[in-house]
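This report concerns only the one structure given below.
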Amino acid sequence: MSPLHPLILLFGLFFQITNGLSIGSYLAAYGPTTPSAWSAALSPFSHLQFVLGISLFHLGLLANYYHDDALRLIRTRYAARSTSKEGKKGAEKHYEIPTAGLFKVVLYPHYLAEWVEWFGFWMAAGWGCVPARCFFLNEVAAMLPRAVRGKRWYVERFGADKVGRRKAVIPGVW
């Protein structure tokens, strides 16, 4: 893993605390707090919207785990091969185009899975849940440009032939 600047760590920690407090405050006190208020917030199909939202959240979460593990497997497999006889790991970075799961059609399926996950949370919490909506939209706004730049990097590093028809993050679209 690349070195992490302490400021990046602090900004990430600040964001996570702020986001957790915002969503937690909405769910605990500032949003709907009674069953009738929740029904009104999720109407006209309150149970269906909640179940679909939670299902999307879990689908995105599982897909995110799967695709992150696929990336981790590439690194650990390479690290195991490059370990010297003395037991020291090589410092050289290794890159390859993953092919597991949605990596066959997009280069950043873990981003897409994260979006599905948090869109599902927003749906389950109700379309009026401003913190969930802000989190989802901020994720898309932060990750989409990174995925587009990342696709350019893949094309430069591996060539258009190797990247093939893969999109950056949204299958068949972008």
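Summary of values
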{"read-out": "Scope region 14-50; condition of a type outside the set (Gly, Ala, Ser) and touching a residue at least 24 places away in the same chain (Cβ under 8 Å); matching residues", "value": "Asn19, Ile23, Tyr26, Leu27, Pro32, Trp38, Leu42, Gln49, Phe50"}
{"read-out": "Single match in Ala141, Ala132 (criterion: in a helix (DSSP H, G or I), surrounded by 13 or more Cβ atoms within 10 Å (Cβ to Cβ) and either over 13 Å from the mean Cα position of the chain (by Cα) or of a type outside the set (Ser, Thr, Tyr) (or both))", "value": "Ala132"}
{"read-out": "Odd one out for Trp127, checked against (1) part of a helix (DSSP H, G or I); (2) over 15 Å from the mean Cα position of the chain (by Cα)", "value": "(1)"}
{"read-out": "Any hit, region 111-128, residues being surrounded by fewer than 14 Cβ atoms within 10 Å (Cβ to Cβ), at pLDDT below 95, touching a Phe, Trp or Tyr at 6+ places or on another chain (Cβ under 7 Å) and not acidic (Asp, Glu)", "value": "no"}
{"read-out": "Among the residues listed as Gly164, Gly101, the single one being more than 22 Å from the chain's Cα centre (by Cα) and modelled with pLDDT under 95", "value": "Gly164"}
{"read-out": "Residues within region 15-66 that are more than 25 Å from Leu112 (Cβ to Cβ) and among the β-branched types (Val, Ile, Thr), tallied", "value": "3"}
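The values are calculated or read from the model by the stated rules, or taken from the named source; none is laboratory data. This is a predicted model, so every value here is computed, not measured. Glycine gets a Cβ as well: all are built from the backbone with ideal geometry, and neighbour counts include every protein chain shown.
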